[in-house]
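Trainee: The structure under discussion is supplied below as structure tokens; questions concerning it will follow.
The values are calculated or read from the model by the stated rules, or taken from the named source; none is laboratory data. Predicted model, so just to flag it, every value in this text is computed and none were measured. Here Cβ is always computed from backbone atoms with ideal geometry, including for glycine, and neighbour counts include all displayed protein chains. All accessible areas refer to the heavy atoms of the entire protein, side chains included, with ligands and DNA or RNA removed. Shrake-Rupley method; radii C 1.70, N 1.55, O 1.52, S 1.80 Å.
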Amino acid sequence: MRIDVLNGVNLDILGRRDPELYGDSSLQDLETQIYAWARELGLQVRCRQTNHEGEFVGWIHEALDGADALVLNPGAWSHYSWAIHDAVEPFVGPVVEVHISNVDEREEWRRSSVLEGLTHTRIVGRGVAGYREALEALRGLA
Ligand code: DQA
């Protein structure tokens with residue numbers, strides 16, 4: 001199973017954001033960890049991050065033919081980018097939405113997600129371990 005793990009806006013500054021919410025791993029630590037988990041679970045994973053919404057949308061388009069499943073943390077775009085909703089809509093494989101922090105217990109505006117109704121699983125507030133849970137959920141489907 002080929003899985004694209006796409007992190008969006010501001011996830012590149014992990015490790016410099018509030019550690020109470022996001023922990024202290026950097027994006028590089030996170031991606032190294034994800035590749036190690038993927039090897040352990042026998043999954044083929046590609047991790048990417050961008051601060052540019054159009055690039056993120058382009059990677060989702062690439063995944064339409066190039067990936068079997070998606071793990072998405074669009075950051076703040078999750079709460080308002082209907083462009084990301086529309087890009088994900090035609091994706092036929094399972095989509096797991098991950099948020100490192102517990103968005104359901106933060107500001108009101110973080111509680112809604114444009115991915116609602118498009119995801120197989122939504123994992124929030126589990127820290128970086130949420131990405132491992134996402135991979136495990138997808139392996140269970142393989
Ligand atoms: C986040 C939660 C979003 O509300 C926030 O804008 C982020 C990170 C998370 O992983 O907890 O940038 O997606």
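Trainee: Roughly to the nearest percent, how much of the accessible area of the chain is carbon and sulfur, given a 1.4 Å probe?
Mentor: Values: 3130 of 6980 Å².
Of all accessible area on the chain, carbon and sulfur atoms account for 45 percent.
Trainee: Follow-up. Between residue 55 and residue 10, what is the FRET efficiency for a Förster distance of 25 Å, r being their Cβ-Cβ separation, to the nearest 0.05? Before the final figure, lay out each step's value.
Mentor: On the way: r = 14 Å, r/R0 = 0.57.
Efficiency computed from Cβ-Cβ geometry: 0.95.
Trainee: Okay, moving on. From the square roots a ≥ b ≥ c of the eigenvalues of the alpha-carbon gyration tensor of the chain, which class results: rounded (a/c under 1.5), prolate (a/b over b/c), or oblate? Mind showing how you got there, number by number?
Mentor: Values: a/c = 1.43, a/b = 1.09, b/c = 1.32.
Verdict is rounded for the chain.
Trainee: Find the relative contact order for segment 10-142 and round it to a whole percent, using C-alpha pairs within less than 8 Å whose residues are 6+ positions apart.
Mentor: It rounds to 25 percent for segment 10-142.
Trainee: With label points built 7 Å along Cα→Cβ from the Cα atoms of residue 137 and residue 80, find their separation and express it in nm.
Mentor: With each label point 7 Å from Cα toward Cβ, the separation is 2.6 nm.
Trainee: Taking the Cβ-Cβ separation of residue 126 and residue 65 as r and a Förster radius of 30 Å, what is the calculated FRET efficiency to the nearest 0.05?
Mentor: Numbers: r = 30 Å, r/R0 = 1.01.
FRET efficiency, residue 126 to residue 65: 0.50.
Trainee: For every other residue with a beta carbon closer than 15 angstrom to the beta carbon of residue 101, add +1 if it is Lys or Arg and -1 if Asp or Glu, then tell me the sum. Mind showing how you got there, number by number?
Mentor: On the way: positive: 16, 17, 106, 110, 111, 122, 126; negative: 18, 20, 24, 97, 104, 105, 107, 108, 133.
Net of charged neighbours comes to -2.
Trainee: Hey, with R₀ at 25 Å, roughly what FRET efficiency would residue 20 and residue 89 work out to, going by the Cβ-Cβ distance, to 0.05? If you can, show how the numbers build up before the last one.
Mentor: Values: r = 34 Å, r/R0 = 1.38.
So, using R0 = 25 Å, E works out to roughly 0.15.
Trainee: With the cut-off at 1.5 for a/c, could you classify segment 58-142 from its C-alpha gyration tensor as rounded, prolate or oblate? Could the numbers behind the result be given before it?
Mentor: Numbers: a/c = 2.19, a/b = 1.20, b/c = 1.83.
Oblate, since a/c reaches 1.5 and b/c is not below a/b.
Trainee: Rolling a 1.4 Å sphere over the protein heavy atoms, what is the accessible area per residue of the chain, to the nearest Å²?
Mentor: On the way: 6980 Å² over 142 residues.
So the chain comes to 49 Å² accessible per residue, rounded to a whole number.
Trainee: Once both labels are modelled 7 Å past Cα along the beta-carbon direction, what's the residue 105-residue 48 spacing in nm?
Mentor: 3.4 nm
Trainee: Another question, then. Each residue of segment 58-67 in turn: what ³J(HN,Hα) in whole Hz from Karplus with 6.51, -1.76, 1.60 and θ = phi - 60°, glycine and Pro shown as x?
Mentor: Each residue's phi maps through the Karplus curve to give x, 5, 5, 4, 4, 5, 3, 10, x, 9 Hz.
Trainee: Something else: If you place +1 on the Cβ of every Lys and Arg, -1 on the Cβ of every Asp and Glu, and leave all else neutral, what size is the dipole of the chain about its Cα centre, to the nearest 20 Debye?
Mentor: Working: 13 positive and 23 negative charges, 61 e Å.
I would put it at about 300 debye.
Trainee: Right, next: Could you sort 99-107, 12-20, 125-133 so that the peptide with the highest average Cβ count within 10 Å comes first and the rest follow in order? All intermediate terms of the calculation are to be shown ahead of the outcome.
Mentor: Details: 99-107: 16.0, 12-20: 13.0, 125-133: 17.6.
Ranked by mean Cβ neighbours within 10 Å, highest first: 125-133, 99-107, 12-20.
Trainee: Next up: Count charges around residue 128 for me, please; just the other residues with Cβ under 11 Å from its Cβ, Lys/Arg as +1, Asp/Glu as -1. Could you put the intermediate results ahead of the total?
Mentor: Working: positive: 126, 132; negative: 24, 29, 31, 133.
Overall, the nearby charge balance is -2.
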